Structures are given as structure tokens and as C-alpha cells.
1. For labels at residue 133 and residue 196 in the simple 7 Å Cα→Cβ model, what's the distance in nm?
2. Quote the FRET efficiency, to the nearest 0.05, computed for residue 47 versus residue 175 with a Förster distance R0 of 25 Å and r equal to the Cβ-Cβ distance.
3. Can you give the % of DSSP beta bridges in the chain that are antiparallel, to the nearest 5?
4. Name the residues whose placed amide hydrogens come within less than 5 Å of the amide hydrogen of residue 10, ignoring near sequence neighbours (fewer than 5 apart) on the same chain.
5. Springs between alpha-carbon atoms under 10 Å, Gaussian network over the chain: tell me which of 153, 36, 51 tops the mean-square fluctuations.
6. Taking every pair of Cα atoms in the chain, average 1/r, invert it to obtain the Kirkwood radius, and report Rg/Rh to two decimals.
7. Give me the aspartates and glutamates in straight-line cross-link reach of residue 10: C-alpha distance below 17 Å, same-chain residues under 8 apart excluded.
8. Ignoring ligands, DNA and RNA, what percent of the 1.4 Å accessible area of region 139-195 is carbon and sulfur?
Amino acid sequence: MKIFAAEFIKSCVSPEQFPSGDLHEIAFVGRSNVGKSSLINSLLTRRDMAKVSRTPGKTRAVNVFLISTSDPDLSRFYLVDLPGYGFAKVSKSVRTQWGPLIEDYLIGRASLYQVVLLVDSRVVTDQDRQTIAWLRSIQRSPLVVATKVDKLKPSERVRALRQVDRDLGLAEGETVIPYSSVTGDGRDRLWGALRDAAEGRRADTLF
Ligand SMILES: Nc1nc2c(ncn2[C@@H]2O[C@H](COP(=O)(O)OP(=O)(O)OP(=O)(O)O)[C@@H](O)[C@H]2O)c(=O)[nH]1
Ligand SMILES: [Mg+2]
């Protein structure tokens, strides 16, 4: 699959700024600093598409990118980078502004067809567990990606991924996709899963 174009469209701080809903969307959710923006760059093989920072709380708006690829199921779609949750250091007013924006977006967005939840492959937190429970409760069962696997020794990897699976209480048939934005490990698998989801969505619309 070739990525023909990847273009930053806009940064939204209120629902009126969300795109008109003319294309399907894939959104990336996860704790601050878990590696969402890095993963988006790695997935798109673009260095600086989404802004990455060592300081948690870098992404503060709903950032929308327009992607076109050679895959018929993913020929044109929006990729959405959401601000991270669980970053205590941002001011309370900023936090109360973020929460509802993300919640509104995830609950109400008709053109959103796949949520990708990122968790750190080395540690799943209570907030990650609450987030997956909440996503399930609003019928948005996510695709789960375990980030930063390059930080695990090869010998630790299988055990760590099993732990993530257990900690999140994944059901039969739900899997964790290991990913490293440093090595590109997991890129093909994640694209494959996104393609499968898009295919499923097309079948849904047809029947
Ligand atoms: N070793 C390693 N470091 C990573 C990986 N992905 C991200 N990082 C580092 O983790 C830090 C946070 O990455 P970001 O991509 O900005 O994280 P984010 O989830 O977008 O963070 P917020 O925008 O604050 O929500 C940066 O220092 C990255 O370089 C990875 O796969 N491996
Ligand atoms: Mg970010």
C-alpha cells in the first residue's frame, strides 16, 4: 500500500471546528506521552506531521490530517490525533476544556469508524482501564496498540504483551498490536488492521 498524501488539515479546539464529516475518520486515543503523535508520524512515514514532545501534554487540540492511499478501502480518510488524557500538570481550566471536547467527539461523531487506543507496552494504568471500559460502553471498542516495544528486551516482549492483554481484559479475538515508532515495528500489522476495519465498515454500509 502506498501513501499518496498526508496533509495537516486543522487543529480544532471546539466542536464547530471539526471537519464536515464528509470522510471517514480514524482517531488515536491514549495517555499523554504514550506516543500517539510519534505513531502517527511513523505510520505515515513522515517525520514531522504530528508534533512530538518529550514533555507530556504536547497535543492540546483535536488535530486532523487528510490521508490518501493506494488501498481502495482507505483511499481518502481523516486521521485524528487527540490530546492525551491523564496529564495532571496542565492547568485545571485546560483539563476541563479538553475532557468534554474529546468526549463529545468520541460519543457523537458519526463519521468516526475506528478508535485506536494506545497504551505503553511496559505499563497499563488505571486510566487506561477506565478509558477502554468507557469506550466499550459507548460502542467504540478500540483497536489496541502497545507502544514503545523497542524499550523491551526481546525476552520480555511476549510476557509484557500478555500482561497488557490481561490488564485491559481483552476478549477472545481482540489482540494487542505491538508497535515501535523508533523501528517501525508493527506498522504493517496496524495498517492491516485498519484496512480490515475499513472493509468491515464498507460491508456494514452495504447491508
Ligand atoms: N523509545 C521510544 N520512544 C517513543 C516511541 N514513541 C514515542 N516515543 C517518545 O515518547 C515521547 C512522547 O511521544 P509523543 O508522540 O509526543 O506522545 P503523545 O502521546 O502524542 O503525547 P501528548 O501529545 O502529550 O498526548 C517522545 O519523547 C517520543 O520520542 C517509541 O515507539 N519508542
Ligand atoms: Mg501528541
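The values are calculated or read from the model by the stated rules, or taken from the named source; none is laboratory data. All values derive from a computational prediction rather than experimental measurement. Here Cβ is always computed from backbone atoms with ideal geometry, including for glycine, and neighbour counts include all displayed protein chains. Only protein heavy atoms, including side chains, enter the accessible area calculation; ligands, DNA and RNA are left aside. Shrake-Rupley method; radii C 1.70, N 1.55, O 1.52, S 1.80 Å.
1. Inter-label distance under the simple model: 2.7 nm.
2. The formula returns an efficiency of 0.30 here.
3. Percent antiparallel among DSSP bridges in the chain is about 45.
4. Sorted by chain and number, the residues that satisfy this are 64.
5. In the Gaussian network model the winner is 153.
6. Rounded to two decimals, Rg/Rh equals 0.93.
7. Cα-Cα hits under 17 Å: 22, 25, 48, 81.
8. Numbers: 1480 of 3160 Å².
Taking all protein chains in place, region 139-195 shows 47 percent carbon and sulfur surface.
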